[in-house]
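Report on the following structure.
Laboratory data are not the source of any read-out in this text; all were calculated from the coordinates shown. Just so it is clear, the structure is predicted and the values come from calculations on it, not from any experiment. A quick note on method: Cβ atoms are made from the backbone with ideal geometry, for glycine too, and the neighbour counts reach across all protein chains shown.
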């Protein structure tokens, strides 16, 4: 399957900005828009959007961290306590995308960046089958955590996650790893991008790789089909 061909008028400018980025420079461009094709082209190139103003307001920035945080699918660390938590919780896929985004955008959270415009953009991507959520629910079925991100072929670009109960976001991430590996090839060649490594994410197995290595892996990943549970072809 060929890599995704660019479809937006912004793709050449974004690609040029990335090519000219200095090593260690995370912010590589500003401007453009949040149209679906612009977003999909950006993710396929190795970029993601985040506003430069307070709480994520404009101007719009395009980021490609160097180094990049990724979670190797065979490197996820599931502790015994997380396994216990997962037995008390359940996960679903794409049942409450808007609610997950709203949980991530909770104004009481520090460092929030999801504006109304960003929310609308990812809802459009979800309706077109390119953005997906994993929801965590308690025994009553109430939403207590989750995550969402964008799928381009074999790339899952994680955008944000939230938790209202112990290990709820970790349970969503563990479920996502399982979904990405359930493709008949144990997830070989797929990339789970988390943007930046944090101490919390490192405890779950996230590592840093140079941007050049990330882009090399990305180029191979986007040529793969999406995973079966996230819009890709079903296994026979």
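Summary table
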read-out: Answer label for Kirkwood radius over Cα pairs in Å (calculated), chosen among (i) 17.9; (ii) 20.6; (iii) 18.7; value: (i)
read-out: Folded to 0 to 90 degrees: helix 211-221 orientation relative to the chain principal axis, Cα; value: 70 degrees
read-out: Peptides ranked, highest mean first, by Cβ atoms within 10 Å: ranges 74-85, 52-63, 37-48; value: 37-48, 52-63, 74-85
read-out: Rounded FRET efficiency, nearest 0.05, which uses the C-beta distance separating residue 220 from residue 127 and R0 of 35 Å; value: 0.80
read-out: Zone of residue 19's modelled label, taken as backbone nitrogen in the range 200-231 under 17 Å from a point 7 Å along Cα→Cβ; value: 212, 215-216, 219
read-out: Spread of Cα-to-Cα distances over 10 Å intervals beginning at zero, given as percent, for the range 61-172; value: 13, 42, 36, 8, 0
read-out: Angle in degrees between helix 36-45 and the longest Cα principal axis of the chain, rounded to the nearest 10; value: 90 degrees
read-out: Distance in nm between pseudo-label sites at residue 164 and residue 55 (7 Å out along the Cβ direction from Cα); value: 2.0 nm
read-out: Hull-based mean projected area of the range 11-66, where the convex hull spans the alpha carbons, in square nanometres; value: 3.6 nm²
read-out: Overall Cα dimensions of the range 144-236 - principal axes, largest extent first, Å; value: 35, 34, 19
read-out: Where N is the number of residues in the range 1-105, Cα Rg divided by 2.2 N^0.38 Å; value: 1.37
read-out: Angle in degrees between helix 168-181 and the longest Cα principal axis of the chain, rounded to the nearest 10; value: 70 degrees
read-out: Two-decimal Rg to Rh for the range 71-137 - Kirkwood Rh, Cα set; value: 1.04
